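What follows is a single structure, written as structure tokens, with notes after it.
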Amino acid sequence: AGVREKIKLPVFCTGRINDPVMAEKVLASGQADMIGMCRALICDPYLPKKALEGRMEDIRYCIACNQGCIGRIGMNKSLGCVQNPAVGREKEWGEGTLKQAGMKKRVTIVGGGPAGMWAAKMADRRGHSVTLIDRGENLGGQVITAMKGVGRDEFGVIIRNEKSQIDKSDVTVKLGQEATVEQIVADKADVVIVATGSIPKKHAVGGADGPAIYNVVQVLNGEAELGENVCLIDYDGHQRATATAEFIANQGKKVDMITSSLFICAELGPTQDLYSSRQRLLQKGVTFTPDIAVMEVGGERGAKTVKGFNVYSNVWNEWGPYDSLVLAMGQQVDDDLYMSLKGKVKELYRIGDCVSPRKVDMAIWEGHKLGREI
Ligand SMILES: Cc1cc2nc3c(=O)[nH]c(=O)nc-3n(C[C@H](O)[C@H](O)[C@H](O)COP(=O)(O)OP(=O)(O)OC[C@H]3O[C@@H](n4cnc5c(N)ncnc54)[C@H](O)[C@@H]3O)c2cc1C
Ligand code: SF4
């Protein structure tokens, strides 16, 4: 408002305004003459139109993750958006390109994470009869856990955006239901899509099945009995590890992070989270040990140890004792259902993390693509 009082030129306000309500507030309070949106319109180019029509629940709100837009450009890739697979493919996948299915099919989708939700939405829009099954109490898959990390609550908006579309559709959602091979085969759907996601690696390192060793999902879901002195082994370099380390540090616990990378938060440069994440972690007393290949974890609860060697000097070392260890050492596919269904149903597909554990952008991309094709 101060700027506007001082100059006669129109004042634009930009930066992190992703919501027409927020934009309207800025204008109504006289702080600016016009609002500029960038990422919000990459994520949903039809935001202004939807706002004009009062279709607020149809807006796909940008989550400021920077992964698909700024992050991809930073890696010399084409512009994208984790939530909008049509970015850069408007001619092929943009508004008005979705064709009704030639034949209405009965489609069963197992897994209500981002991949399954997108496949369900797209298949429904093309006129198929879709059932979406998840064993959890809510749709969202791993995103429900991811959003519990420090500063990651907005990540959950991905699911809120999609859920409003599923709620408006004819998709039958079955929650709290474990899909079994017998049940899926007996159901005789025309198409079965497996989107069962991924889980933390069960045998990430020697000794990983010992006491007081947890994965990030257990920690974020409050299922870990951590002591006061914790070591987090970070082979992720992204939010999975760093937001969990901060989650533990926020409980007043001492956290040491050990990574095989050159530095902690190695994957957060492109999204511009590197500086702020490292700063917050260091300010909370978290220590960083880079360049370490961890080969073994061991010891009893309260006396846990980590053994490994420096990948450059090859010098072995041992860290500890720790009360407990947290492993962020990779994911493994949850593809048992897919493998067991092979050859037993008419048309079978798999999408998302159960093909290969990756990130939410690929889960959404594959769900979108398959929903258009079946
Ligand atoms: C802590 C954490 C942080 C993350 N941070 C990021 C990030 O910053 N950026 C990013 O892009 N990605 C991040 N991810 C990864 C991202 O969440 C996943 O890549 C994405 O959710 C994969 O989507 P999906 O639909 O393939 O599978 P999932 O999200 O794993 O969903 C699979 C669903 O299938 C259900 N299911 C499995 N088997 C059955 C069955 N037999 N019957 C019924 N239901 C079943 C499960 O309950 C689950 O809901 C993070 C993940 C975690 C855990
Ligand atoms: S990638 Fe993330 S920050 Fe970029 S436009 Fe899409 S939702 Fe917004």
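The values are calculated or read from the model by the stated rules, or taken from the named source; none is laboratory data. For clarity, every value in this text was computed on a predicted model and none was experimentally measured. Please note: Cβ atoms are built from the backbone with ideal geometry, for glycine as well, and neighbour counts cover all protein chains shown. Surface accessibility is based on the protein's heavy atoms, side chains included, excluding ligands, DNA and RNA. Shrake-Rupley method; radii C 1.70, N 1.55, O 1.52, S 1.80 Å.
List of remarks:
- Nearest-20 debye value, the chain charge dipole, Cβ charges on Lys, Arg, Asp, Glu: 1120 debye
- When only Cα pairs below 8 angstrom with a gap of at least 6 residues are kept, the chain shows a relative contact order of 18 percent.
- Computed over the chain with a Gaussian network model linking Cα atoms closer than 10 Å, the most mobile of GLU246, GLU53, GLU347 is GLU53.
- When shorter helices are ignored and each DSSP H run of at least 4 residues is given -39500 (n - 2.57), the per-residue value for the chain at 222 nm works out to -8000 deg cm²/dmol.
- For the chain, CYS13, CYS38, CYS65, CYS69, CYS81, CYS231, CYS265, CYS354 stand unpaired, since no other cysteine beta carbon lies under 4.7 Å from theirs.
- Residue among ILE109, VAL217, ALA186 farthest towards the positive dipole end of the chain, charges placed on Cβ: ILE109
- Most positive-pole-ward Cα, ILE233, SER261, VAL315, against dipole of the chain from beta carbon charges: SER261
- In the context of the full set of protein chains, the chain has a per residue accessible area of 49 Å² (1.4 Å probe).
- Debye-sum result for the chain in log10 I(q)/I(0), which assumes one identical scatterer on each alpha carbon, at q = 0.11, 0.14 Å⁻¹: -0.87, -1.21
- Beta bridge orientation in the chain: antiparallel %, DSSP, nearest 5: 25 percent
- Quarter of Cα convex hull surface for region 221-374, i.e. mean projection, nm²: 12.0 nm²
- The chain, accessible surface, carbon-and-sulfur percent (1.4 angstrom probe): 52 percent
- Counting only the Cα atoms, region 2-74 fills a convex hull of 106 Å³ per residue.
- Of the trypsin sites (Lys or Arg not before Pro) in region 92-156, those whose Cβ has at most 14 other Cβ within 10 Å and which sit in DSSP loop: LYS99, LYS104, ARG135
- The calculated FRET efficiency for the pair LYS174 and ALA303, based on their C-beta separation and a Förster distance of 56 Å, comes to about 0.75.
- Cleavage-rule hits (trypsin sites (Lys or Arg not before Pro)) in region 223-323: DSSP loop, at most 10 neighbouring Cβ within 10 angstrom: none
- Segment SER313-SER340, extension gain: residue separation times 0.36 nm, minus the distance between their alpha carbons: 5.2 nm
- Signed unit charges on C-beta, dipole axis of the chain, positive-most listed residue ALA119, PRO45, PHE247: PRO45
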